[in-house]
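In what follows, a single structure is set out as structure tokens and then discussed.
Just so you know, all these numbers are worked out from the coordinates, no wet-lab data involved. Computed from a predicted structure; not experimentally measured. Because the Cβ atoms are built from the backbone with ideal geometry, glycine has one as well, and the counts that use them run over all protein chains shown.
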Amino acid sequence: MTRLWRNVALLVLIGMTVGCDRVSKHFAARELAGEPRQSFLADTVRLEYAENTGAFLSFGDDWSPAARHGVFTIGTGLILCAMVLAAVKFRLSGPALVGLALYFAGGASNLVDRVLRGSVIDFMNVGVGPLRTGIFNVADMAILLGVAIFIFTHRQGEASADSRT
């Protein structure tokens with residue numbers, strides 16, 4: 001694949017990920033806000049509207065607004081910029097670059113929420129019985145999948161390098 005087509009494919013992946021997240025959050029705000037929790041698949045999947053001013057599992061939710069803004073808005077923006085610079089500097093390609101693109105897309109979409117709303121819209125929860133996730137969104141899934149792909153790819157690259165020595 002030529003560099004141009006690879007870059008187009010990455011931009012499409014990022015755009016589709018951000019788009020899916022934005023549309024799902026719009027749906028959640030319109031259809032779930034102020035409504036009781038909805039349960040599906042024998043309570044395996046729950047949809048319920050939540051606004052998270054903190055980070056993962058509401059970490060930092062009790063911080064001052066200035067601290068949250070500094071860490072979760074400015075800090076996230078800086079991390080996203082650093083990710084792009086690292087991808088260019090280390091000439092990432094293949095699955096590692098796909099993982100980083102998913103991470104970037106999820107982080108960017110959640111950052112849009114923080115800038116526009118001061119919080120992130122979450123609405124999904126999955127689990128069985130008392131074993132449940134926290135409430136999350138599509139961007140969070142993209143971040144998690146992106147990190148997993150990146151780490152798995154990195155570990156595979158290390159294993160290949162070790163076998164050559």
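Shown is the FRET efficiency for residue 81 and residue 30, computed with R0 = 45 Å from the Cβ-Cβ distance and rounded to the nearest 0.05: 0.90.
Overall shape: oblate for the stretch 8-75, with the ratio a/c of the largest to smallest alpha carbon gyration tensor axis at 1.5 or above and b/c at least equal to a/b. The relative contact order of the stretch 22-165 comes to 29 percent, based on Cα pairs under 8 Å that sit 6 or more residues apart. Membrane-span-like helices in the chain: DSSP H runs reaching 24 Å or more (Cα, own axis), mean Kyte hydropathy at least -0.5? Helices meeting the span and hydropathy rule in the chain are 3-27, 94-117, 138-164.
Neighbours of residue 139 by Cβ distance under 15 Å: Lys/Arg scored +1, Asp/Glu scored -1, total -1.
A cut-off under 14 angstrom between Cβ atoms defines the neighbours of residue 25, and their net charge, with Lys, Arg +1 and Asp, Glu -1, is -3.
Taking every Cα-Cα distance in the chain and sorting them into 10 Å bins from zero, the calculated P(r) comes out as 10, 33, 33, 18, 6, 1, 0 percent.
Among the chymotrypsin sites (Phe, Trp or Tyr not before Pro) found in the stretch 42-88, those both in a DSSP coil and sparsely packed, with 16 or fewer other Cβ atoms within 10 Å of their Cβ, are 59, 63. For the stretch 1-68, applying the loop criterion from DSSP together with a ceiling of 14 other beta carbons within 10 Å to the trypsin sites (Lys or Arg not before Pro) yields 37.
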